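Engineer: This is the structure, below, for whatever I ask next.
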């Protein structure tokens, strides 16, 4: 299981979750199989709404799930088409979020409850 958590910093498991998927400064990827963390800088952090391409940065990383503060319906759709589920975590560190994910405490993000114009409801 590989979980991608958009984060504010590149501090591994102590990084805080970022509020929105596509504009996160970093993507922290946790690999549960070998308990390792990889951090990728988001070179597309500053983009026009609807033009972000975060999955191009994550291509080949074999992500199973994304956990973030929020994301738009189109991003959810693209992830789901690739077999990746999205979950909402409003606050916390990567370590805290991984614990919540493991305990089934995170809400799945769907097209119906996704963010609208970078404003989550």
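Engineer: For the range 17-36, name all the residues that are surrounded by 17 or more Cβ atoms within 10 Å (Cβ to Cβ) and touching a residue at least 24 places away in the same chain (Cβ under 8 Å). Quick ask: steps written out before the conclusion?
Structural biologist: Here is the first cut: in the range 17-36, the residues surrounded by 17 or more Cβ atoms within 10 Å (Cβ to Cβ) are 17-24, 26-30.
Once the filter is applied, which keeps residues that are surrounded by 17 or more Cβ atoms within 10 Å (Cβ to Cβ) and touching a residue at least 24 places away in the same chain (Cβ under 8 Å), the range 17-36 yields 17, 18, 19, 20, 21, 22, 23, 24, 27, 28, 29, 30.
Engineer: Name the pairs: first residue in the range 107-121 and within 10 Å of residue 70 (Cα to Cα), second residue at pLDDT below 80 and in a strand (DSSP E or B), Cβ to Cβ under 9 Å, at least 6 apart or on different chains?
Structural biologist: Partner pairs satisfying both residue conditions: 109/115; 121/115.
Engineer: Let me ask something else about it. How many of the residues in the range 98-121 are crowded, with 19+ Cβ neighbours inside 10 Å and more than 15 Å from residue 20 (Cβ to Cβ)? Explain how you work it out, then say what you get.
Structural biologist: Kept after step one, since they are crowded, with 19+ Cβ neighbours inside 10 Å, are these residues of the range 98-121: 98, 101, 109, 114-115.
Okay, now just the ones that are also more than 15 Å from residue 20 (Cβ to Cβ), so 98, 101.
Summing the residues that are crowded, with 19+ Cβ neighbours inside 10 Å and more than 15 Å from residue 20 (Cβ to Cβ) in the range 98-121 gives 2.
Engineer: Do the conditions hold for residue 15, that is, is it modelled with pLDDT of 95 or more and over 14 Å from the mean Cα position of the chain (by Cα)? Walk me through how you get there before you give the answer.
Structural biologist: Numbers: modelled with pLDDT of 95 or more: yes; over 14 Å from the mean Cα position of the chain (by Cα): no.
Answer is no for this residue.
Engineer: Considering only the range 1-35, state which residues are under 15 Å from residue 99 (Cβ atoms) and in a loop (DSSP other than H, G, I, E, B).
Structural biologist: Those that are under 15 Å from residue 99 (Cβ atoms) and in a loop (DSSP other than H, G, I, E, B): 1, 15, 32, 35.
Engineer: Okay, next question. Within the range 65-100, which residues are at pLDDT below 90, in a helix (DSSP H, G or I) and either within 16 Å of residue 7 (Cβ to Cβ) or out of contact with any strand residue (DSSP E or B) (no Cβ under 9 Å at 6 or more places or on another chain) (or both)?
Structural biologist: 74, 77, 78, 81
Engineer: Which ones in the range 1-12 are buried (at least 16 other Cβ atoms within 10 Å of the Cβ) and under 15 Å from residue 36 (Cβ atoms)? If you could, list the steps in order and put the result at the bottom.
Structural biologist: Taking the range 1-12 and keeping what is buried (at least 16 other Cβ atoms within 10 Å of the Cβ), we get 2-7, 12.
Those that are buried (at least 16 other Cβ atoms within 10 Å of the Cβ) and under 15 Å from residue 36 (Cβ atoms): 2, 3, 4, 5, 12.
The values are calculated or read from the model by the stated rules, or taken from the named source; none is laboratory data. This one's a predicted model, so the numbers in the text were calculated from it and none came from an experiment. Counting neighbours? That spans all protein chains shown, and the Cβs are built from the backbone with ideal geometry, glycine included.
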